[in-house]
Amino acid sequence: MHTIRIIIGSTRPERVGPAVAQWIEEIARPLVEAAGDIQLEVTDLKELGLPFLDEPSPPVFGRYTQPHTLAWADTVAATDGFIFVAPEYNHSYSAVLKNAIDFLNREWHHKPVAFVAYGGHAGGTRATEHLRSVVGELRMYDLSEMVLIPHYWEYLNADGGFGPPDAQRQAAEALVAQIIHWTRVMRRGREELARAPQ
Ligand SMILES: Cc1cc2nc3c(=O)[nH]c(=O)nc-3n(C[C@H](O)[C@H](O)[C@H](O)COP(=O)(O)O)c2cc1C
């Protein structure tokens with residue numbers, strides 16, 4: 001089995017992140033189940049509750065000391081592909097998502113990541129541009145396929161659900177199809193890399 005993990009990148013009270021994550025999860029789940037060799041997991045950074053990075057060594061050395069870092073490292077190491085659900089905060093993405101990324105290093109390497117971003121007029125575009133430069137440093141493959149949701153508040157239902165228009169749904173289906181494909185391909189790539197002479 002392969003694991004694709006949706007990460008909810010906001011933690012504030014009254015946040016929209018879980019509703020956006022639930023929407024993408026509902027689109028992804030049947031596609032993932034049809035794939036047969038993929039399982040879908042969700043990590044809510046609010047529930048994960050990481051403190052600000054509190055490791056004495058830079059994560060590139062992998063000398064983790066804190067139980068929360070070791071647990072997060074196990075989770076990310078066991079994941080083959082990611083969907084980051086990212087709000088736009090001040091023309092970038094959230095500090096809590098950056099912190100969760102920064103905690104680790106090798107566990108992210110050579111894994112695909114796709115973005116579902118939301119915000120005002122720009123629909124989270126600037127959040128995704130900043131994410132791309134960061135995940136590149138971590139040797140992740142950031143997919144061109146993405147979902148941008150401008151004016152997200154127009155699609156929030158009274159019952160807390162989220163229902164963006166068809167264009168976003170189609171973009172989401174394309175994103176999920178690609179993340180499934182690259183999750184498989186990059187796992188094979190990592191296995192080849194592990195076997196190659198160093
Ligand atoms: C600190 C902060 C900064 C924000 N800056 C932007 C911004 O630059 N562009 C934008 O489109 N929306 C911005 N927003 C609006 C957010 O996109 C909106 O509040 C969204 O609901 C945030 O996601 P969340 O509810 O999951 O936290 C900002 C919101 C916050 C809290």
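Going by alpha carbons, how many degrees (0 to 90, nearest 10) lie between the helix axis of 166-195 and the longest principal axis of the chain?
Long axis of 166-195 versus the principal axis of the chain: about 0 degrees.
Under 5 Å between amide hydrogens, which residues at least 5 positions from Ile38 or on another chain qualify, with H placed 1.01 Å from N in the peptide plane?
Under 5 Å from the amide H of Ile38: His2.
Which cross-chain or sequence-distant (5 or more) residues have an amide H under 5 Å from the amide H of Gly9, H modelled 1.01 Å from N in plane?
Residues meeting the criterion, in which the H sits 1.01 Å from N, are Val85.
Check which residues have an amide H placed less than 5 Å from Asp142's amide H, if you skip close sequence neighbours.
Result for Asp142 returns Val113.
Apply 1/(1 + (r/R0)^6) to the Cβ-Cβ distance of His110 and Glu154, taking R0 = 35 Å, and write down the FRET efficiency to the nearest 0.05.
0.40
Quick one: of the DSSP bridges fully inside the chain, what percent are antiparallel, nearest 5?
10
Quick one: 3J(HN,Hα) in Hz for region 58-72, Karplus 6.51/-1.76/1.60 with θ = phi - 60°, rounded, Gly and Pro as x.
x, x, 4, 7, x, 8, 6, 10, 8, x, 5, 5, 4, 5, 5
Counting helices only, and only those DSSP H runs with n ≥ 4, report the 222 nm mean residue ellipticity of the chain as the sum of -39,500 (n - 2.57) divided by its residues, in deg cm²/dmol to the nearest 500.
It comes out at -14000 deg cm²/dmol, rounded to the nearest 500.
To the nearest Å, what is the center-to-center distance of region 77-118 and region 1-62, using C-alpha atoms only?
After rounding, the separation between the Cα centres reads 9 Å.
Suppose every Lys and Arg Cβ carries +1 and every Asp and Glu Cβ carries -1, with no other charges. What dipole size does the chain come out with about its Cα centre, to the nearest 20 debye?
Computed charge dipole of the chain: roughly 520 debye.
With no solvent and one point per C-alpha, what does the Debye sum give as log10 I(q)/I(0) for region 2-195 at q = 0.08, 0.10, 0.13, 0.14 Å⁻¹?
-0.24, -0.38, -0.65, -0.76
Got a sec to turn the phi values of region 107-115 into Karplus ³J(HN,Hα) couplings, 6.51 cos²θ - 1.76 cosθ + 1.60 with θ = phi - 60°, whole Hz, x for Gly and Pro?
Whole-Hz 3J(HN,Hα) from phi for region 107-115: 4, 8, 4, 6, 10, x, 9, 10, 10.
Coordinate-derived values only; no laboratory data. Model, not experiment: these values are computed from the prediction. Note: ideal-geometry Cβ built from the backbone for every residue, glycine included; neighbour counts use all protein chains shown.
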